Amino acid sequence: MPLALLALAISAFGIGTTEFVMMGLLPNVADDLGTSVPTAGYLVSAYALGVVLGAPLLTAVGSRVPRKRMLLLLMALFTLGNLASALAPGFGWLVAGRFLAGLPHGAFFGVGAVVAARLVGEGRQARGVATMFLGLTVANIVGVPAATLLGQHLGWRATFLVVGVIGLGSMAALARLVPHMPVDAQQGLGRELRALGNRQVLLGLLTAVLGFAGVFAVYSYLSAMTTEAMGFGESSVTLVLALFGIGMTLGALAAGPLTDRALRPTLYGSLTALAVVLVVFPFAVQMKWAALVMVVLLGGVGFMTTTPLQMLVMKKAKDAPTLASASNHSAFNLANAGGAWLGGAAIAAGWGWTSPALVGAVLTVAGLAVAVTAGVLDRGGPGESRVVAGAGTRGARDGSHADVA
């Protein structure tokens, strides 16, 4: 694998750390800034809103910017957002900093996925994308727990300062390791918008919103489930979250080669497995050892859906996949918000702490139904399965030809 993928993975590590660490720091932030924990929860929403809005907007604005330069600009904006969060004088400014940090998230992963696919060439594209996403999964094993502990002992501002430093390191790695990839003279916003309007792309995005919402219906309340449903103490929450991260990493490792071999079967299989795990989850967590196994499985099969979904929209967008790829991360964050809201509604209705799993199962089955429908409707020819068109794989490996993405 090219070393440039390491730079993308390091960047993904920083993004993943800042995205998820806020969930563990809400009590600290609320206490320090004199607000309530539910109000502090708007910080999570602010970041997600930044992702949803920033993914298509920044990708559209940068449609004619060379890919390497675009990655550096996005990571600079990410770093600025985290440093602004660390220095925020009040709650309102912190909300703004979190929104700013979230803006480049989806666009970075969208552009990064296209770059990762080109770096490795035909036949290994999903593995390249999955390698970049490994940084995101490792963040949940190492970055989030470490950043949470740092924030608890040195203050939440220290956490965002460290993430800002990671952002600077990521920029150095991108500048040093990622090859130059010029933009095709024919590339532009109109071409990207036409690709985004492809029926298969839209169905892929809907699959992401519904299918991945099943994961976040549970993950959003996993800390509370650890103590309220599984019978563990508060000190075990970090361990349970780390096990979920381990599952995510295993899922990402498996998804790459499986997606390269058979994209749609991998998507169908991962969504089916996710639905089964979510149905079994409320019954299995009554035994502590089974609960830990289910957490790993949930992370594994849940994250196994991300690579085939990412590759699907890129392939069906043909030779203008960047906006579709970035929009996929808007879809994932809509899944985050929607899954968390529906899971919380189930708990508020008195259905029990594990009821979000059954809500998630329904959402996942709906996503599977959309995916199968898309597969039945798909009558595209071989040309639709290409992410990079016309220039050959040799140029894709060394970045010497025009970047059609």
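See the values below:
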quantity: Per-region count, the stretch 30-45, residues part of a helix (DSSP H, G or I) and either of a type in the set (Phe, Trp, Tyr) or open to solvent by less than 50 Å² (accessible area, probe 1.4 Å) (or both); calculated: 7
quantity: Meets criteria (among the hydroxyl-bearing types (Ser, Thr, Tyr) and surrounded by 23 or more Cβ atoms within 10 Å (Cβ to Cβ)) for residue 207; calculated: yes
quantity: Count of the stretch 114-135 residues which are open to solvent by less than 20 Å² (accessible area, probe 1.4 Å) and assigned to a helix (DSSP H, G or I); calculated: 15
quantity: Residue satisfying all of: in the stretch 210-254; more than 22 Å from residue 283 (Cβ to Cβ) and polar (S, T, N, Q); surrounded by the most Cβ atoms within 10 Å (Cβ to Cβ) among these; calculated: 249
quantity: Any hit, the stretch 44-55, residues being under 30 Å from residue 118 (Cα atoms), within 24 Å of the chain's Cα centre (by Cα) and aromatic (Phe, Trp, Tyr); calculated: yes
quantity: Matching entry among 244, 283 (being more than 13 Å from residue 354 (Cα to Cα), out of contact with any strand residue (DSSP E or B) (no Cβ under 7 Å at 6 or more places or on another chain) and assigned to a helix (DSSP H, G or I)); calculated: 244
quantity: Failed condition for residue 67, given (1) in contact with a strand residue (DSSP E or B) (Cβ under 7 Å, 6 or more places away or on another chain); (2) open to solvent by 50 Å² or more (accessible area, probe 1.4 Å); calculated: (2)
quantity: Close pairs from the stretch 91-105: first surrounded by fewer than 19 Cβ atoms within 10 Å (Cβ to Cβ), partner in a helix (DSSP H, G or I), Cβ under 6 Å, at least 6 apart; calculated: 91/33
quantity: Among residues of the stretch 329-378, those that are in contact (Cβ under 8 Å) with a residue 24 or more places away in the chain, over 19 Å from residue 284 (Cβ atoms) and in a loop (DSSP other than H, G, I, E, B), counted; calculated: 1
quantity: Subset of the stretch 272-326 that is under 15 Å from the mean Cα position of the chain (by Cα) and within 28 Å of residue 228 (Cα to Cα) - its residue that is most open to solvent (accessible area, probe 1.4 Å); calculated: 304
quantity: The stretch 208-232 residues that are closer than 14 Å to residue 356 by Cβ and of a type in the set (Ser, Thr, Tyr), paired with ones that are open to solvent by 10 Å² or more (accessible area, probe 1.4 Å) and not in a helix (DSSP H, G or I) (beta carbon under 8 Å, 6 or more apart); calculated: 221/353; 226/232
quantity: Residue match in the stretch 46-61 (condition: in contact with a Phe, Trp or Tyr (Cβ under 8 Å, 6 or more places away or on another chain), open to solvent by 50 Å² or more (accessible area, probe 1.4 Å) and of a type outside the set (Lys, Arg)); calculated: yes
quantity: Residue list for the stretch 75-90, filter: under 23 Å from the mean Cα position of the chain (by Cα) and open to solvent by 10 Å² or more (accessible area, probe 1.4 Å); calculated: 76, 77, 80, 83, 84
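Yes/no per residue for (1) at pLDDT below 85; (2) small (Gly, Ala, Ser); (3) in contact with a helix residue (DSSP H, G or I) (Cβ under 6 Å, 6 or more places away or on another chain); (4) farther than 22 Å from residue 16 by Cα:
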{"position": "320", "(1), (2), (3), (4)": "yes, yes, yes, yes"}
{"position": "356", "(1), (2), (3), (4)": "no, no, yes, yes"}
{"position": "363", "(1), (2), (3), (4)": "no, no, yes, yes"}
{"position": "388", "(1), (2), (3), (4)": "yes, no, yes, yes"}
{"position": "396", "(1), (2), (3), (4)": "yes, yes, yes, yes"}
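Residue by residue, here is whether (1) over 15 Å from the mean Cα position of the chain (by Cα); (2) under 20 Å from residue 263 (Cα atoms); (3) hydrophobic (A, V, I, L, M, F, W, C); (4) modelled with pLDDT of 85 or more holds:
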site	(1), (2), (3), (4)
113	no, yes, yes, yes
123	yes, yes, no, no
140	no, no, no, no
155	yes, no, no, yes
166	yes, no, yes, yes
170	yes, no, no, yes
198	yes, yes, no, no
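The values are calculated or read from the model by the stated rules, or taken from the named source; none is laboratory data. Treat the numbers as computed from the prediction; the structure is a model and nothing was measured. We place every Cβ from the backbone using ideal geometry, glycine too, and count neighbours over all the protein chains shown. Quick note on the areas: whole protein, heavy atoms, side chains included, nothing else; ligands and nucleic acids left out. Shrake-Rupley method; radii C 1.70, N 1.55, O 1.52, S 1.80 Å.
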